[in-house]
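**Student:** Quick one: the structure is below, and I'll ask about it shortly.
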Amino acid sequence: MEFLDFFMVATSTIGFILVCKNVLYFVKWVWGMFLRAPKNLKEYGSWAMITGSTDGIGKAMAHELASKGLNLLLVSRNPKKLEATSNEIRDKNSGNVEIKCLAIDFAKENGEEIMKRVEEEIEGLDVGILVNCAGWTHAYARYFHEVDYEMINGTIKVNVEGTIWVTKAVIPSMIKKKKGAIINLGSGSTFLLPSYPLFTVYAATKRSVEMFSRCINLEYRHKGIDIQCQVPLYVSTKLTKLGTSVFVPTPEKYIKSCTRWIGYETVVVPYLLHSLQAFTVRAIPETFVDSYMLRYFLYWRKKGLFKDAKIKALEASKS
C-alpha cells in the first residue's frame, strides 16, 4: 500500500504541475496576443533597416514601420524595385519618411563585402531596428538530389549568411548606445513541424536562423538589445505562391500582428490564426504529420515537374 500511495501522490503531483504549466502558458499567450501594450519602436532609434524589403513580408514591414514614424534603410538585390518601393512608401506617407536604399545580392557577395557595405551605409544613422526578411528557396518541392548547386548555395547564402553578416555589421552600434531590436524571420516549417521534406535545405536554413536568434538574444539582452525570431506559417507571397484564405493572410494583414510582439519573447508566432494552427499541429503525433507532409509535397512536386515539362516542350516547339 505504501508504494501505491507514493505512486498516486507522484502521478497526481506531476499531473498538477503539467496542468499549471499549460494554464500559465495559455494566460501568457492571451496576455501577449490581446492585452499587452506594444513597445514604442521609435525609442530604439529613428531608423529601421529591412532586408528583403521589396516583396512580401519585408515590404509590408517597411510600410508598417514607416507608418509608425521610422526612417527606413531598405535592402534588396534589385535597384529598380528598391526605387519603386521607396517611392511608394514616400507617397503613402506624404514624404514625411526619410528613406535610403542599399542594393546587395546576398547570393553573390561574400560576408566581408556584405559587412563592409552595410557598415558604410549605416554610418551616422541611428539604426534602432533591424529586420532580416530576405529569404530564398526553389520554386516547387524537390528531392534533395534534384536541387542544383546554384540553388542550394543561394539558399544558404541568402537565408543564413545574409542574416548573420548584416546582424554582425549592425549590432556594434546597438551595443554602443545600449539599445536596439533585431527581428529575424523564421519559418513554421521548422518551429512547428517535425519535418519539411522536399524543401530540406530551406528548412535547415530556417532552423539555423531560429537557433541563431535564441543564442544571440542570450548574449546581448543584458546590453539592452532585444533579439527575436518571428515565425510565420503560410502567408500569400511570391515565395509561397499561395492565394489568400482564412489561414493564409496577405503580407499586409500578417504584419499588423508582428510589430506588437517586437521586444518581448525570443521566438514567437505573432499571427493569431497561425498560433491557433500551431496548437492543433502540436497535438498530432509526429508520425502522422510526417506522413502527411511527405504526401502533400510529393503531390506539389508532381505538379511542378509537369509544369516544367510543358514549358520545355513549348520552348522546343518555338526553336
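Nothing in this text is a laboratory measurement; each read-out follows from the coordinates by a stated rule. None of the values given here were measured: they were computed from a predicted structure. Cβ sites come from the backbone with ideal geometry, for glycine too, and all protein chains shown count toward neighbours.
**Student:** Can you list the aspartates and glutamates whose alpha carbon is less than 15 Å from that of residue 157, not counting same-chain residues fewer than 8 positions off?
**Tutor:** Filter leaves 105, 109, 112, 113, 148.
**Student:** Something else: Please list the non-local residues whose amide H lies under 5 Å from the amide H of residue 227, H modeled 1.01 Å from N, same-chain partners needing a gap of 5 or more.
**Tutor:** Result for residue 227 returns 182.
**Student:** Let me have the relative contact order for the chain, percent, based on Cα pairs under 8 Å that are six or more residues apart.
**Tutor:** Worked out over the chain, it gives 17 percent.
**Student:** Oh, and also: Under 25 Å between alpha carbons, and skipping anything fewer than 8 positions from residue 177 in its own chain: which lysines qualify?
**Tutor:** 39, 42, 68, 100, 116, 168, 223
**Student:** What shape does the stretch 40-317 have by the C-alpha gyration tensor, where a ≥ b ≥ c are the square roots of the eigenvalues, rounded means a/c under 1.5, and otherwise prolate means a/b greater than b/c and oblate the rest?
**Tutor:** prolate
**Student:** Which GluC sites (Glu not before Pro) from the stretch 239-319 combine a DSSP loop assignment with at most 16 other Cβ atoms within 10 Å?
**Tutor:** Answer by residue number: 265.
**Student:** Cα to Cα, under 18 Å, and not fewer than 8 places away if on the same chain: which lysines meet these conditions relative to residue 238?
**Tutor:** Once the sequence-local lysines are set aside, what remains near residue 238 is 59, 80, 81, 206, 253, 303, 307.
**Student:** Another question, if that's okay. Can you name the helices of the chain, as whole DSSP H runs, whose Cα span along the helix axis is 18 Å or more and whose Kyte-Doolittle mean is not below 0.5?
**Tutor:** Once both thresholds are applied, what remains is 2-30, 162-177.
**Student:** Go ahead and estimate [θ] at 222 nm for the chain from helices alone: -39,500 (n - 2.57) per DSSP H run with n ≥ 4, summed, over the residue count, rounded to 500.
**Tutor:** Helix-only estimate at 222 nm: -17500 deg cm²/dmol.
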